Structures are given as C-alpha cells and as structure tokens.
Amino acid sequence: MYSNTLVEAINPWNLGNDGSAIITGFEISPVKKVNLSLNYQDWLAYAENGNDEHFIYFNLQFKF
C-alpha cells in the first residue's frame, strides 16, 4: 500500500502506514470433522523507522 504525495510535499502523507503484506498458509483435514491450519502473516513497513510485524497462527477446528 502506498499513500499519495501531496502537492509541495516530499514524503507521502501517510508514510508511517505504508507497507507490504504477505499472507500464506495451508489447511489439512487429518480425520473427518477435524481441520488444522497454519498461517503466516507479515507486514513490511516502507518507512525506515517503521515497525515490521510477523505473526504465525495455528487453528484447530472440530465439527460436531
């Protein structure tokens, strides 16, 4: 995501929130009515002093 640069400005108006997202994962059903999933989410800030964020999620679903 990129924010616009306003007229007579040097940097984009919302540079602190500009960045790139990566989302990937997979889901498996080892037995009937049970699902497992593992997901990875990553946020890479474009600003040099921006905060990069990395998350790993594991989900378990039971169906009754």
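The values are calculated or read from the model by the stated rules, or taken from the named source; none is laboratory data. Fair warning: this is a prediction, and the values are worked out from it, not measured in the lab. Glycine gets a Cβ as well: all are built from the backbone with ideal geometry, and neighbour counts include every protein chain shown.
Quick rundown of the values:
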quantity	calculated
Residue 7 being among the β-branched types (Val, Ile, Thr), at pLDDT below 90 and over 22 Å from the mean Cα position of the chain (by Cα)	yes
Restricting the range 33-43 to residues that are surrounded by 13 or more Cβ atoms within 10 Å (Cβ to Cβ) and of a type outside the set (D, E, K, R), the residue that is farthest from residue 18 (Cα to Cα)	35
Meets criteria (at pLDDT below 95, out of contact with any Cys (no Cβ under 6 Å at 6 or more places or on another chain) and surrounded by 10 or more Cβ atoms within 10 Å (Cβ to Cβ)) for residue 20	yes
Candidate set from the range 37-64 (those that are aromatic (Phe, Trp, Tyr) and closer than 19 Å to residue 24 by Cβ); member that is nearest to the chain's Cα centre (by Cα)	43
